Structures are given as C-alpha cells and as structure tokens.
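Here the structure is laid out as structure tokens; the discussion comes afterwards.
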Amino acid sequence: MGTKGARRMEKDLLTVQEVADLLRVRRNTVYEMLKRGDLPSARVGKQLHVRRSDLEGKLSGGSIDAARAGAPLVLSGQDPSLDLIAAHVSALPGMPQVLRSHQGSYNALAALYIGRADVATCHLWNEASGEYNLPYIPHLCPGMPARVIRLFGRTAGFYTAPGNPLNLAGWGDLARPGLRFINREKGSGIRVLTDEKLRTLAISPASIRGYDDERPNHQAVAIAVAGGEGDAGAGIESVARQVKDVDFVPLQKEWYDMVIPEARWEEPAMKAVVAFACSEKFRRELSRIGAYDFSESGKIFRV
C-alpha cells in the first residue's frame, strides 16, 4: 500500500476515544456499543478502531441522538431522591436506562468533567461566599458551560446519642477535649461543610479525636453514633429519622443541586430527567422519605 493509501486508511479509522468525543458519551459506552455489535470494529495493532463510514451510517445522516439511544445515562450523587429519578426515567418509553453512581459531591462533579458521569449532583458549601455549589462548579468543571437545577434544601447538623447528653450546639463544640467524632469521606458535601466551618473557627482537624474515622454515607455515620462508636457525627436530618437511638442537632440549611452540561441540555433523556426532578410528583414522593425544603425547587442557574 502506498503512502497516500495508508493516510486515507488512517483518516478513515477512528479510535474509541474519538468515537466517544463525536458522540459526546463515555469511552465505556462506546465499548458497550462495540460489545453489543451496534458498531463494527477492527483491531489495528493493540487498539480497536471504528471506520468513520460505519459510524456515519449509524448516525443516520448525522443524528447523534440515534447513536445515543441505547446508551445508559449515569446519574452521580448519593441522596436517595436520585433513585426515584433513575427509576422514573428508565421506565419511560424510548428512554435509556439511568444508572446510579453513588459518589460524593466533589467526586460526582469530577466524574462529570472527565466523562464518567452524564449528570452530577452536589451540596458543596463555600464559606467565603456563603453559597452552595455555584462557586465550585466552574472550578471543578472548567470550560464546561452547564445548567444547575435546584432540587431541594436539606438540614445539616450533628447526630448525637438520644437526648444530646453533651449538649452539642455548634461546630465549635467539636473541639471539646475527649469528644469522639465520626466523619465522612473527603469530597462528600458534609465533609466540605465541616472542613470549612473548622477552618473559619481556626480549629485544627488533627485536634479532634476520630476526625480521620471516615464512613461512606450518612446512614453509616448515624449508625456508628447510635452504636456508641462516637459522640457525634455530621449528616442530614432525614437520616436521623430513619436510625434508632440517634438524635439530631440542626445547624445549617443546605441546597442540593443537579448539574447538566449545556451541550447536552436539549437531549430527550436530559429533558425527561429535568421534567421529573422539577415535578410535583417528585416532590410528593420525596416528602415520604425525608425532611426536604422545596421553596427553591426548580430554580435554574447557568454557570
């Protein structure tokens, strides 16, 4: 084969990453399409490639939605409300399956930025601005214009033993000598809130017993406090209602938001997610599982 022929073949062959970029999906989604036989592929050396002509044929004249139709949607975040959204949209005719990725706020946004999630949720407090989420998103997703949908408010605070025997009333109480704290993992919204409050109060985390004792979710923190493993743990009010032998000390209202890349806002699946997340049905179902504030639900911000 001559040099020109080799160049033509090289131009016609797309890597998995190039296909993912053209379809604006994750690499894993492309591998799933190849595995199902939705796209023919050829191995050149150690890498799989897709002919540009084959991809264009699947696009039916350039329709990216047609190629995406069978690809699952990944919704990243930890609040149980997201299970309601995933189940509802997955059951709609013609909609893709919505998969759940249980990651904390920081990691959910990072996953959105690198293409490992399609929708992210977050509740990240910024002490300097006194705002949730909006100051963080442009920094964690640089160069990615997005729309932010306010889902609901929740109350954050301390889990304590019944009756709050230590009379805990504020973040500064974590500095009490001997108090045992149960923490969340780095990157979770409640961990960012706790870190920010301690920084403002000039309290060193190293001075707090148990600050490096991390649990993966609010339920695990509440259960640890109920079991006597710690005197206090930070979490949300709705979980305290679900765990026996735990009381709750309210400290701060937090806002829980959903982030969708602007480039994907008009996709039918994204519209279905937003429509249900902003619906009265969603708020009604959510009211059955916890204490939520819907006074700002449905607000949309651009970042």
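General observations
- Taking the criterion of being of a type outside the set (D, E, K, R) and surrounded by fewer than 15 Cβ atoms within 10 Å (Cβ to Cβ), the residues of region 197-218 that qualify are 200, 201, 202, 204, 205, 206, 207, 216.
- Counting only helices (runs of 4 or more DSSP H) wholly contained in region 230-303, the ones carrying 1 or more residues that are open to solvent by 20 Å² or more (accessible area, probe 1.4 Å) and more than 24 Å from residue 198 (Cβ to Cβ) occupy 268-277, 280-287.
- The helices (runs of 4 or more DSSP H) found entirely in region 47-98 that carry 2 or more residues being in contact with a strand residue (DSSP E or B) (Cβ under 8 Å, 6 or more places away or on another chain) and at pLDDT 80 or above are 81-91.
- Pairs, first closer than 18 Å to residue 160 by Cα and open to solvent by 10 Å² or more (accessible area, probe 1.4 Å) in region 171-196, second in a helix (DSSP H, G or I) and of a type in the set (A, V, I, L, M), C-beta under 8 Å, six or more apart: 171/198
The values are calculated or read from the model by the stated rules, or taken from the named source; none is laboratory data. Bear in mind that the values here come from a model prediction, so they are computed numbers and not experimental data. Reconstructed Cβ throughout: ideal geometry from the backbone, glycine too, with neighbour counts over all protein chains shown. What goes into the accessible areas is simple: the full protein's heavy atoms, side chains included, and nothing from ligands, DNA or RNA. Shrake-Rupley method; radii C 1.70, N 1.55, O 1.52, S 1.80 Å.
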